[in-house]
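Note sheet for the following structure.
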Amino acid sequence: MPNRNNNDIKLSCRNVWKIYGGSPTKYFDKKKLFINSDTLNVVKKLRDDGAIPAAVDVSFDVHEGEIFVIMGLSGSGKSTMVRCLSRLVEPSHGEILLGGEDLLKKSKSELIDIRRHKMGMVFQSFGLLPHLTVAENISFPLRLQGLSNKEKREKTSRVIELVGLEGRENSFPRQLSGGQQQRIGIARSLAVEPELWFLDEPFSALDPLIRRQMQDEFLRIQSSLKKSIVFITHDFLEALRIADRMMIMRDGMVVQIGTPAELIANPVDDYVAEFTRDVPLMRVLFAKDVMDDNIEVEENMQGVQSCDSVEDILAQLSKNTKGVVVFDDGKAIGVVTPKSVVCALSRNAEKVTTELPPNEVV
């Protein structure tokens, strides 16, 4: 997970609303929305007026190199939000700051330039042009940038190699599998070398096996490029695999923001608990969470990294019953043993169960 501080914020979303229908403008003044009214009262007044609040006072930050996942059920507002961030949908109120500049104050021409040079977008539908080859589809946004033929060829070749489509440059989309077509969409969005990458359920139309392969490919690409990413999904297990932090939405509102482990261990309500209840703790607890720092490190002990998941280190534990050393920035900070894992899992399982409402205890 990227180290986060106030100086590495790439994107800030501040009090963003998106309202359809009704007469929403009458509820806004120049600075505030519904002075002296709480959010639920605002939503009630809007609905009474025949409006649909699709995004309700949404605020969050995305840091440099972070994968920020937005998830929720259908109709929760997650796709509306990612479209507001790029202004494919115009927000009704709020601020969206990219590099400290408010995108909502940009002119149409300025916004087009930002999209062409600073944003990459991948959606569930691949949106490929059937009459163009793989290379031509990928280089299409580079044509819009007005690059020379040499620059287009170099950038196209680079991302084709990155997504593993070497040898298919002259194929047409219809000649490729669904997973390969999605790779074209990913390569096309990366060709412009975006500062910010938006992905709206990019793998949901794929078969389960191909979907997992594409998740692996996505993580491989991110490990190399370190992009700032907003990723939309309704699948918690998918979010669990890729997210540095997550935001769960319901009825257009933010319910909870945190790391996957924080959401699982400390769900704020039944809605979040229902998302997380079937997730194995071994997937979200890391070596640093289950180690014992009072055990002396022995010579020739195998080592793991503090951010390795418990699930990933089980195989090593099975071969090294005395434990494995946990390293953080090259320094040994503790030892994971079978006993320390069992104790940590027991503590966290008890904590989760205790914090769930009575009818949610499993």
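The values are calculated or read from the model by the stated rules, or taken from the named source; none is laboratory data. The shown structure was predicted, so the numbers you read here are calculated from the model rather than taken from an experiment. Heads up, the Cβs are rebuilt from the backbone with ideal geometry, glycines too, and the neighbour counts pull from every protein chain shown.
Can you go through GLY75, GLY146 and tell me which one is over 21 Å from the mean Cα position of the chain (by Cα) and on the phi > 0 side of the Ramachandran plot? Steps first, answer last, please.
Values: GLY75 fails: over 21 Å from the mean Cα position of the chain (by Cα).
Going through GLY75, GLY146 in turn, the sole match is GLY146.
For ASP293, state whether it is more than 27 Å from SER59 (Cβ to Cβ) and either among the basic types (Lys, Arg) or free of Cβ contacts under 8 Å to residues at least 12 places away in the same chain (or both). Before the answer, list the steps.
Numbers: more than 27 Å from SER59 (Cβ to Cβ): yes; either among the basic types (Lys, Arg) or free of Cβ contacts under 8 Å to residues at least 12 places away in the same chain (or both): no.
Answer is no for this residue.
One residue stands out among those in the range 2-48 that are in a loop (DSSP other than H, G, I, E, B) and at positive phi: the one that is modelled with the highest pLDDT, which is GLY21. Of all residues in the range 221-258, those that are at pLDDT 90 or above, among the hydroxyl-bearing types (Ser, Thr, Tyr) and farther than 20 Å from ALA54 by Cα total 1. Scanning the range 120-135 for residues that are out of contact with any Lys or Arg (no Cβ under 7 Å at 6 or more places or on another chain), surrounded by 17 or more Cβ atoms within 10 Å (Cβ to Cβ) and modelled with pLDDT of 90 or more gives THR133, ALA135.
In this structure, does ILE138 turn out to be of a type in the set (Val, Ile, Thr) and surrounded by fewer than 19 Cβ atoms within 10 Å (Cβ to Cβ)? Against the criterion (of a type in the set (Val, Ile, Thr) and surrounded by fewer than 19 Cβ atoms within 10 Å (Cβ to Cβ)), ILE138 does not qualify.
Looking across the range 121-161, the residues that are assigned to a loop (DSSP other than H, G, I, E, B) and either β-branched (Val, Ile, Thr) or under 22 Å from PHE231 (Cα atoms) (or both) come down to GLN124, SER125, PHE126, GLY127, LEU128, THR133.
For the range 203-210, the count of residues that are in a helix (DSSP H, G or I), aliphatic (A, V, I, L, M) and over 25 Å from ILE264 (Cα atoms) is nonzero.
Taking PHE218, is it assigned by TED's automatic domain parsing to the domain that holds VAL82, under 10 Å from the mean Cα position of the chain (by Cα), farther than 14 Å from LEU263 by Cβ and of a type in the set (Phe, Trp, Tyr)?
Spelling it out, it is not the case that PHE218 is assigned by TED's automatic domain parsing to the domain that holds VAL82, under 10 Å from the mean Cα position of the chain (by Cα), farther than 14 Å from LEU263 by Cβ and of a type in the set (Phe, Trp, Tyr).
Scanning the range 84-111 for residues that are within 24 Å of the chain's Cα centre (by Cα) and farther than 16 Å from LYS18 by Cα gives LEU97, LEU98, GLY99, GLY100, GLU101, ASP102, LEU111.
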